Amino acid sequence: MTIRIEAMRLIPGRGDPIDSGVVVLEDTTIAYAGAAGDAPETPNAEVVSTDTVMPGLWDCHGHFMGVRGASIDEISTIRPQVGAMRVTADARAVLHAGFTSVREVGGLGVFLGQAIDEGYVEGPTVYGSGGALSMTAGHGDFHAMDLDAARHLSARYFGEDDIVDGPDQARAGVRRMLRLGARVIKIHASGGVMSQIDDPHLPQFSPEELAAIVDEATRMERVVAAHCHGKRGMMAAIEAGVKTIEHGTYMDEEVADAMKENDVILVPTRYILDFLTREGDRRGMPEYAKKKLAATAEYHSNGIALAVDKGVKIALGTDIWSTGLWGTNGRELLLLTEVGLTPLQAIEAGTAMGPETLGPQAPKAGQLREGWDADVITVAGNPLDDISILSDPANVTAVFKGGRRVK
Ligand SMILES: [Zn+2]
């Protein structure tokens, strides 16, 4: 089965756009991507005409959790089976918004991804982490519960206990996530906003614990994604060898330089700060989170702008965790341009950079290149002139995942 997409412009994901481009999909891969003049003859192809053709988008930081409001504590009051049913709708919504891949860093993604791969649920390819490893009293702990109950909640909702202390438990925690099918290991290396008593400024996990996690993950060909707000947490995580820094709120020159030196990627998650600032109150964000959000939000845009300015690698991530917000992920592209990326750079952050956040687990996706996965979207209009076009799923006129048209 051959599909020929003829476009006014082809955005390859990495590199310059091409006016009047053609992409040929042959079964599950891209057979040709380039100028129309050099395109092969395809007499039996189904032809699709469009304004813009580009790679399927990647959200490199999301959570398929199935909670409805702006409080993660909600997972203690609903059954995981209900959450799991809800995220099947989120999976379809994000796919139809043009996202053919999601790197899911704590949630039900490993289970959802399996059901999608088996063909039971319509959705993107999901690269899940299982839970997110946290120290006791860390960002992934539920501080208002007794510890046994908090551990039980993680294990019940995400499939395995993800609260670990000491290098041996940290290593065992990585292994528990692997047995869930984790393709990336997620950790909390600083305090966070959506947790009760921990301070976003302070580092979490000792250097020995971080080293054990990175060692075990690396041996099993997984990279480590580190949630970090404060500087000391970022520096310790980079020193330990993580591949990505998530959020990166209190970024400064020293952190940015260390990231560049160690080829660490920043996943800024502008979306969630913007969303919670505008809508958190109405959506039931807890009091403790409001205070912490106010303290972090003003630093975040400056910190990310500094990283962009310094040339730190940026990958798109939204940090969407609420059911119903999935499908609005494209807004992150607009928000990335507001901290200094050009529209073309924002598209690269949302396409070619995606697989790089998976290290050895990366598929050949995120770029329109011969022999690569046929994850491709067509778009009405020119996102290089107006990046907000990609915020509206209605402008994503066709989605091909693995060569199959799913929208
Ligand atoms: Zn997150």
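The numbers here are math on the coordinates, done by the rules we state, and not lab data. Given the structure is predicted, the values throughout are model-derived calculations rather than measurements. Ideal geometry is used to build each Cβ from the backbone, glycine not excepted, and the neighbour counts take in all protein chains shown.
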Review point. Counting other Cβ atoms within 10 Å of each Cβ, which trypsin sites (Lys or Arg not before Pro) in segment 219-322 have at most 12 and sit in a DSSP loop?
Key: Arg282
Point to revise | Percent of beta bridges antiparallel (DSSP, the chain, rounded to nearest 5) | key: 45
Exercise for review: Just grab the label-to-label distance for His143 and Met8, each label 7 Å out from Cα along the Cβ direction, in nm (one decimal).
Suggested key: 5.3
Practice item. Determine, for His227, His300, His152, the number of other Cβ atoms within 10 Å of each Cβ, and report the residues in order from fewest to most. Key: His152, His300, His227
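Rg over Rh of segment 1-92, using C-alpha atoms and the Kirkwood radius, what does it come to?
Ratio of gyration radius to Kirkwood radius: 1.23.
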Study note, to complete from the structure: Of Ile11, Ile314, Ile78, the most mobile residue in a GNM of the chain (C-alpha springs, cutoff 10 Å) is Ile78
Check your understanding: Using every alpha carbon pair in segment 248-337, what percent of pairs falls into each 5 Å bin from 0 up to the bin containing the largest distance?
Key -> 2, 13, 24, 21, 18, 12, 6, 2, 0
Exercise for review: Could you pull out every one of the aspartates and glutamates with an alpha carbon less than 14 Å from that of Lys364, ignoring same-chain neighbours closer than 8 positions?
Suggested key: Glu356, Asp373, Asp375
Exercise for review: For each of Ser129, Ser71, count neighbouring Cβ atoms within 10 Å of the residue's Cβ, then give the residues from fewest to most.
Suggested key: Ser71, Ser129
Practice item. Average the reciprocal distances over every distinct pair of alpha-carbons in the chain, invert the result, and give the Kirkwood radius in Å. Key: 21.0
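Starting from the exponent 0.38 and prefactor 2.2 Å, build the expected Rg for segment 105-151 from its residue count and divide its actual Cα Rg by it.
So the Cα radius of gyration is 1.50 times the expected 2.2 N^0.38 Å.
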Check your understanding: Which of the pairs Lys231/Lys292; Lys243/Lys290; Lys186/Lys313; Lys243/Lys310; Lys186/Lys231 have their Cα atoms more than 21 Å apart in this structure?
Key -> Lys243/Lys290
Revision key, fill the gap. The Kirkwood hydrodynamic radius of segment 239-283, taken as the inverse of the mean 1/r over all distinct Cα pairs, in Å, comes to 12.0
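To the nearest 0.05, how large is the calculated FRET efficiency for His201 and Met1 if R₀ is 35 Å and r is the Cβ-Cβ distance?
Using R0 = 35 Å, I get an efficiency of 0.05.
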Practice item. Given the peptides 379-387, 363-371, arrange them by the average over their residues of other C-beta atoms within 10 Å, most packed first. Key: 363-371, 379-387
**Study point:** Cα centroid separation, segment 80-149 to segment 310-387 (Å)
**Key:** 19
